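The values are calculated or read from the model by the stated rules, or taken from the named source; none is laboratory data. No experiment lies behind these values; they were computed from the predicted model shown. All Cβ positions, glycine included, derive from the backbone under ideal geometry; neighbour counts span all protein chains shown.
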């Protein structure tokens, strides 16, 4: 790997890390799934989300992103994203209420590894802000002018950073898991995740109404 390639990879890595660690719906759901079902239930979500990111990145590299940049597509993706966040929020709040009442929990197929991957993929593909990120990261003329090979190196750096962050975050959550147990812990995790999902949905709605 020559100096130029290493610099592009480093740029992508720093960019990916900077957008991966801030609180958001994916990080919140990774935490909940790790606490509920273990490492792979949470990490599977980041694998799915990363797949969605790669798809958006390739769309931008192929030049299709400019076509999809219009307000109608932004509104469509934003609406789908908000709908999914609202669904998740109410689902987890309902689960918290059932746990508080002591009701028997239904089979948690939704929390399995395959479901985690599909949810992560869906969250990434329906987020208009993911498309905006890739347009800003590699869709600018000065980046596009460097050629497809250079853009793929940047994408690899971003993906590596996101997967590394997911590994670190999942591990931290599992360490925290050892500090709490019982029904209160279960209720608290589900309720907090539900509230966070509704908060993210509200901020997404505000962003859409503001035209961002």
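Which condition number in (1) touching a residue at least 40 places away in the same chain (Cβ under 8 Å); (2) in a helix (DSSP H, G or I) is the one that residue 23 fails?
Tallying (1) touching a residue at least 40 places away in the same chain (Cβ under 8 Å); (2) in a helix (DSSP H, G or I), residue 23 fails exactly one: (2).
Take the stretch 133-172 and flag every residue that is touching a helix residue (DSSP H, G or I) at 6+ places or on another chain (Cβ under 8 Å), within 18 Å of residue 22 (Cα to Cα) and surrounded by fewer than 20 Cβ atoms within 10 Å (Cβ to Cβ).
159, 160, 163, 164, 165, 167, 171
Quick one: is residue 171 modelled with pLDDT of 85 or more, part of a helix (DSSP H, G or I) and either in contact with a strand residue (DSSP E or B) (Cβ under 6 Å, 6 or more places away or on another chain) or within 30 Å of residue 98 (Cβ to Cβ) (or both)? Show your work before the answer.
Working: modelled with pLDDT of 85 or more: yes; part of a helix (DSSP H, G or I): yes; either in contact with a strand residue (DSSP E or B) (Cβ under 6 Å, 6 or more places away or on another chain) or within 30 Å of residue 98 (Cβ to Cβ) (or both): yes.
The answer is yes for residue 171.
State the number of residues belonging to the stretch 25-50 that are within 13 Å of the chain's Cα centre (by Cα) and surrounded by fewer than 17 Cβ atoms within 10 Å (Cβ to Cβ).
0
Determine whether the stretch 57-67 contains at least one residue that is at pLDDT 80 or above, assigned to a helix (DSSP H, G or I) and closer than 30 Å to residue 95 by Cα.
For the stretch 57-67, residues at pLDDT 80 or above, assigned to a helix (DSSP H, G or I) and closer than 30 Å to residue 95 by Cα: absent.
For the stretch 5-14, how many residues are touching a helix residue (DSSP H, G or I) at 6+ places or on another chain (Cβ under 7 Å) and either surrounded by fewer than 19 Cβ atoms within 10 Å (Cβ to Cβ) or over 20 Å from residue 156 (Cα atoms) (or both)? Let's see the steps before the verdict.
We begin by selecting, within the stretch 5-14, every residue touching a helix residue (DSSP H, G or I) at 6+ places or on another chain (Cβ under 7 Å); these are 5, 8-13.
Within this subset, residues satisfying the condition of being either surrounded by fewer than 19 Cβ atoms within 10 Å (Cβ to Cβ) or over 20 Å from residue 156 (Cα atoms) (or both) are 5, 10-11.
Within the stretch 5-14, residues that are touching a helix residue (DSSP H, G or I) at 6+ places or on another chain (Cβ under 7 Å) and either surrounded by fewer than 19 Cβ atoms within 10 Å (Cβ to Cβ) or over 20 Å from residue 156 (Cα atoms) (or both) number 3.
For the stretch 116-128, which positions are surrounded by 18 or more Cβ atoms within 10 Å (Cβ to Cβ) and assigned to a helix (DSSP H, G or I)? Spell out the reasoning first.
Restricting attention to the stretch 116-128, the residues satisfying the condition of being surrounded by 18 or more Cβ atoms within 10 Å (Cβ to Cβ) are 116-117, 119-121, 123-128.
Within the stretch 116-128, 116, 117, 119, 120, 121, 123, 124, 125, 128 qualify.
Kindly indicate which of 52, 16, 48, 24 is under 18 Å from residue 128 (Cα atoms) and at pLDDT below 85.
Values: 52 fails: at pLDDT below 85; 16 fails: at pLDDT below 85; 48 fails: at pLDDT below 85.
The conditions single out 24.
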